[in-house]
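What follows is calculated from the coordinates using simple rules that are stated; it is not laboratory data. Since we're looking at a predicted model, the values are computed, not measured. FYI the Cβ positions are ideal-geometry reconstructions off the backbone, even for glycines, and counts take in every protein chain you see.
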Amino acid sequence: MSRIPENLDDLIEKEKRSLAGEYFEEAWMEMREDGLSARLIAEVYIDLALKKLVVENGDAEASKLLAHFRKLDEMGFIPASHTLQ
């Protein structure tokens with residue numbers, strides 16, 4: 001009988017993040033091949049992602065996500081030349 005890992009939820013979350021990353025990478029590469037700039041793609045993705053998050057989960061979830069990115073910025077995970085406002 002196989003053992004279920006204690007951190008099964010963590011493993012599932014990791015796999016979901018990996019899958020989302022694969023979808024993103026495929027779409028990104030296709031748009032770059034179509035001549036879209038990296039900045040344009042990023043701006044559109046962020047804008048649309050926040051709008052979708054608000055529609056599906058409310059303003060509070062979008063605010064939490066923005067706060068998360070601000071915290072990453074404060075901790076130095078976002079290069080100074082790319083500081084979020």
Taking Lys and Arg as +1 and Asp and Glu as -1, residues besides Leu36 with C-beta under 13 Å from its C-beta add up to -2
In degrees from 0 to 90, rounded to the nearest 10, what is the angle of the helix 8-33 Cα long axis to the longest principal axis of the chain? 30
Each label point is 7 Å from the Cα along the Cα-to-Cβ direction; what then is the distance between the points at Asp34 and Ile12, in nm? 3.4
What number, rounded to the nearest 500 deg cm²/dmol, is the helix-based mean residue ellipticity at 222 nm of the chain, given -39500 (n - 2.57) per DSSP H run of at least four residues and division by all its residues? -25000 deg cm²/dmol
Would you list which lysines come within 16 Å of Lys64, measuring only between C-alpha atoms, while excluding same-chain residues fewer than 8 positions from it? Lys51, Lys52
Given all pairs of different Cα atoms, what value in angstroms does the Kirkwood hydrodynamic radius of the chain take? 15.6
How would you rank 64-75, 30-41, highest first, on the average number of other Cβ atoms within 10 Å across their residues? 64-75, 30-41
The range 36-83 shape via C-alpha gyration tensor axes, a/c threshold 1.5: oblate
